[in-house]
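Take this structure, written in structure tokens, and hold onto it; I'll ask about it next.
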């Protein structure tokens with residue numbers, strides 16, 4: 001009923017036509033001016049959605065896709081543990097070797113010489129040699145949202161007496177000695193077992209620059225256990241995989257971004 005009434009009210013009236021510039025002609029339905037206004041409104045909405053889409057794509061484009069795991073020479077533009085984004089170009093000298101870990105595809109690349117263009121899941125190399133292998137890694141984003149930082153600490157200790165249900169992890173690592181990479185200012189890291197028993201002592205790890213390497217500090221976590229990482233008001237729930245190794249080949253296998 002409502003749809004038919006609406007169609008009837010908007011019907012064109014023969015013999016009267018539409019007058020440009022009038023938004024509504026009393027008794028004769030909507031005019032061409034109204035249709036023009038609706039078209040403009042639709043265009044405005046379309047442009048708005050387009051702008052949002054472009055902004056979202058730009059945010060994705062700015063998100064790191066790879067990390068420098070090793071490089072055989074000292075450079076100012078590319079250094080160990082640097083994040084790289086898609087489209088970034090690196091020119092390697094003859095014999096210079098660069099090892100990259102791709103954060104989403106879990107691909108590790110060893111590149112010797114040539115021009116390297118960083119991609120989303122792998123590199124494009126011209127004039128050099130490249131070898132690839134797939135490694136165990138989380139495969140998630142290294143850019144943490146604000147909600148993760150605020151909620152993790154509260155989630156970690158919602159356990160009833162005598163029982164512990166480990167919280168869902170924000171990150172899974174495949175090495176027993178994590179390496180923590182800070183997005184902003186670094187701070188001392190406290191690592192607590194999510195299901196801490198009586199007498200459990202938190203571990204403190206200090207950062208050097210924006211990186212803290214538990215392996216260099218001689219710290220080993222327990223495979224299969226879940227931990228709470230806290231630093232400078234930020235917190236993250238991290239699970240050490242049951243398959244975690246003492247010395248994984250790739251840095252991104254044990255990477256914890258904070």
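Since every read-out is calculated from the coordinates, none of them should be taken as a lab result. Since we're looking at a predicted model, the values are computed, not measured. When we count neighbours, we look across all protein chains shown, and the Cβ atoms used for this are built from the backbone with ideal geometry, even at glycine.
Between residue 74 and residue 112, what is the label-to-label distance in nm when each label sits 7 Å out along the Cα-to-Cβ direction?
Reported label-point gap for residue 74 and residue 112 is 2.5 nm.
What does the extension gain come out to for residue 219 and residue 93, with contour length at 0.36 nm per residue minus their alpha carbon separation?
The span from residue 219 to residue 93 would gain 41.7 nm if fully extended.
Classify segment 66-134: rounded, prolate or oblate, from the alpha-carbon gyration tensor (a ≥ b ≥ c, eigenvalue square roots; a/c under 1.5 rounded; otherwise prolate if a/b is larger than b/c)?
Working: a/c = 1.44, a/b = 1.23, b/c = 1.18.
In terms of gyration-tensor shape, rounded.
Fully extended, how many nm does the chain gain between residue 165 and residue 82 (0.36 nm per residue separation, minus their Cα-Cα distance)?
Once the chain is fully extended between residue 165 and residue 82, it gains 26.3 nm.
Right, something else. If each of residue 135 and residue 211 carries a label point 7 Å out from its Cα toward its Cβ, how far apart are those two points in nm?
For the pair residue 135/residue 211, the computed spacing is 1.2 nm.
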